[in-house]
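Undergrad: Got a structure for you, written out below as structure tokens; questions coming shortly.
The values are calculated or read from the model by the stated rules, or taken from the named source; none is laboratory data. Here the structure is a predicted model, which is why all the values come from computation and not from measurement. Backbone-built Cβ (ideal geometry, glycine too); neighbour counts: all protein chains shown. Protein only, heavy atoms only, side chains kept; ligands, DNA and RNA dropped before computing areas. Shrake-Rupley method; radii C 1.70, N 1.55, O 1.52, S 1.80 Å.
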Amino acid sequence: MNSDREPIAPRVVALSGGIGGAKLALGLARLLGEDDLLVIANTGDDFHHLGFHISPDVDTLIYTLAGLSDPEQGWGRRDETWSFMEALDALGGETWFRLGDRDLALHVERSGRLARGETLTTVMELIAHRFGVRHRIVPMSDDPVPTIVLTDHGDLAFQHYFVRERCRPRVRGFRYRGAETARPQSLALEALRGSRLEAVVLCPSNPFISIDPILAIPGLRAAIESSAAPVIAVSPIIAGAALKGPTAKIMAELDLEVSALGIARHYRQLLNGIVIDEKDRHILGAIVDTGIAGVKAETVMVTESDKVAVAEQVVDFARHLAAVPTAAAG
């Protein structure tokens, strides 16, 4: 395989973290051709552990689009075994971050290639290709931009906060270390500037730990801000709660309204529209009052048909906004 594939001019560019974002990414991939979609993956939660370079959100996206993800956990590989972790535990090693045996093979291969000087982009593309993923997934940058969580227990590397501490410390803020000097991934930048672009989609991932790290890279944010395509978010908050993860907890600790309206306000400088769940229809008017168009839909994605249905709603909404940029949908 040629890892230096030519740039594409996709119709849709999606910014995504792990589980929630990967669901919508799968829906978009089922809806759109391989040259019509590019997914920019968050790498702010990448870290080195047990000597390996681990990319949790990247791997969740690849496993999901490859049909290999664990359907119950939403992360990791299905039909996983845990002999490595059991042996490590017996030796008294660190087991707070669990690596399945099949998953470990990916970390070994990636770490070796990165150590030999290959870029994260090249390694991601190789792995995705070998798993049969046709749509393009790229990292936000080949430079490291680790997310640091500022908490009442001090500054914590993201995985220490999220996994080791199980999100218990109170969050005071976030820092995306190195973002100001990080180089945006070139294919992502070209895609955002492409002439065929119809929508930039902020997937229903945690804004602070999945989407904001991508937006913290100045070149990517600037390209989104200057794009003529509508920028649309899908709210990860439904009826005041997150389906999975600490989004609601973080918003409350940062004194933000825990609602789809709070999500719209968080992204307000970028957004043209937001897709909210039917359960939040009562706040649609308040969202429109912020100058952001809104549309309601069934956004809980359990089956593949659910994921495609939300993807269709997003693409249709983008077309509507492109035709009537200042309109609010119902």
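Undergrad: With the requirement that a residue be modelled with pLDDT of 95 or more and over 15 Å from Gly17 (Cα atoms), what does region 194-216 give you?
TA: Scanning region 194-216 gives Leu197, Glu198, Ala199.
Undergrad: Of the residues that sit in region 157-174 and are closer than 24 Å to Pro218 by Cβ and under 17 Å from the mean Cα position of the chain (by Cα), which one is least open to solvent (accessible area, probe 1.4 Å)?
TA: Per the criteria, the residue is Phe158.
Undergrad: Return yes or no: is Val300 open to solvent by less than 10 Å² (accessible area, probe 1.4 Å) and among the β-branched types (Val, Ile, Thr)?
TA: It is false that Val300 is open to solvent by less than 10 Å² (accessible area, probe 1.4 Å) and among the β-branched types (Val, Ile, Thr).
Undergrad: Considering only residues that are β-branched (Val, Ile, Thr) and either surrounded by fewer than 18 Cβ atoms within 10 Å (Cβ to Cβ) or in contact with a helix residue (DSSP H, G or I) (Cβ under 6 Å, 6 or more places away or on another chain) (or both), which ones fall in region 254-271?
TA: Scanning region 254-271 gives a single hit, Val258.
Undergrad: Now for a separate question. From the list Leu114, Leu61, pick out the single residue that is closer than 16 Å to Gly44 by Cβ and modelled with pLDDT of 95 or more.
TA: Within the list Leu114, Leu61, the selection yields Leu61.
Undergrad: Restricting to region 58-105, and then to whatever is out of contact with any His (no Cβ under 7 Å at 6 or more places or on another chain) and among the aromatic types (Phe, Trp, Tyr), can you tell me which residue is nearest to Pro213 (Cα to Cα)?
TA: Restricting to residues being out of contact with any His (no Cβ under 7 Å at 6 or more places or on another chain) and among the aromatic types (Phe, Trp, Tyr), the top hit is Trp75.
Undergrad: Please determine whether any residue of region 66-80 is more than 24 Å from Pro7 (Cβ to Cβ) and touching a Leu at 6+ places or on another chain (Cβ under 7 Å).
TA: Yes, some residue in region 66-80 is more than 24 Å from Pro7 (Cβ to Cβ) and touching a Leu at 6+ places or on another chain (Cβ under 7 Å).
Undergrad: Being open to solvent by 70 Å² or more (accessible area, probe 1.4 Å) and touching a residue at least 24 places away in the same chain (Cβ under 8 Å) is the filter here, so list the residues in region 72-90 that pass it.
TA: Selection gives Trp75 alone.
Undergrad: Then there is this: Conditions first: (1) assigned to a helix (DSSP H, G or I); (2) closer than 30 Å to Leu192 by Cβ. Gly33 passes all but one, so which condition is the exception?
TA: Exception for Gly33: condition (1).
Undergrad: Residues being open to solvent by less than 40 Å² (accessible area, probe 1.4 Å), part of a helix (DSSP H, G or I) and touching a residue at least 60 places away in the same chain (Cβ under 8 Å): count how many of those fall in region 107-156.
TA: Here the count works out to 9.
Undergrad: Sticking with this structure for a sec: Looking at region 1-29 only, could you name the residues that are in a helix (DSSP H, G or I), modelled with pLDDT of 95 or more and open to solvent by 30 Å² or more (accessible area, probe 1.4 Å)?
TA: Once the filter is applied, which keeps residues that are in a helix (DSSP H, G or I), modelled with pLDDT of 95 or more and open to solvent by 30 Å² or more (accessible area, probe 1.4 Å), region 1-29 yields only Lys23.
Undergrad: Now for a different question. Within the group Ile250, Ile287, Ile274, which residue is surrounded by 19 or more Cβ atoms within 10 Å (Cβ to Cβ), touching a residue at least 12 places away in the same chain (Cβ under 8 Å) and within 19 Å of Leu15 (Cα to Cα)?
TA: Ile274
Undergrad: Against the condition in contact with a Pro (Cβ under 8 Å, 6 or more places away or on another chain), under 24 Å from Ala311 (Cα atoms), at pLDDT 95 or above and β-branched (Val, Ile, Thr), how does Thr121 come out, does it pass?
TA: no
Undergrad: Which helices (runs of 4 or more DSSP H) sit wholly inside region 182-287 and have at least 2 residues that are among the acidic types (Asp, Glu)?
TA: Fully inside region 182-287 and qualifying: nothing.
Undergrad: Could you list all residues from region 30-44 that are out of contact with any His (no Cβ under 9 Å at 6 or more places or on another chain) and buried (at least 23 other Cβ atoms within 10 Å of the Cβ)?
TA: Ile40, Ala41, Asn42, Thr43, Gly44 - these are the residues of region 30-44 that are out of contact with any His (no Cβ under 9 Å at 6 or more places or on another chain) and buried (at least 23 other Cβ atoms within 10 Å of the Cβ).
Undergrad: How many residues are at positive phi and free of Cβ contacts under 8 Å to residues at least 60 places away in the same chain when one looks only at region 165-220?
TA: Adding up the residues that qualify gives 2.
Undergrad: Another question about this same structure. Might you check whether a residue that is free of Cβ contacts under 8 Å to residues at least 40 places away in the same chain, part of a loop (DSSP other than H, G, I, E, B) and surrounded by 15 or more Cβ atoms within 10 Å (Cβ to Cβ) occurs anywhere in region 53-71?
TA: Yes: region 53-71 contains one or more residues that are free of Cβ contacts under 8 Å to residues at least 40 places away in the same chain, part of a loop (DSSP other than H, G, I, E, B) and surrounded by 15 or more Cβ atoms within 10 Å (Cβ to Cβ).
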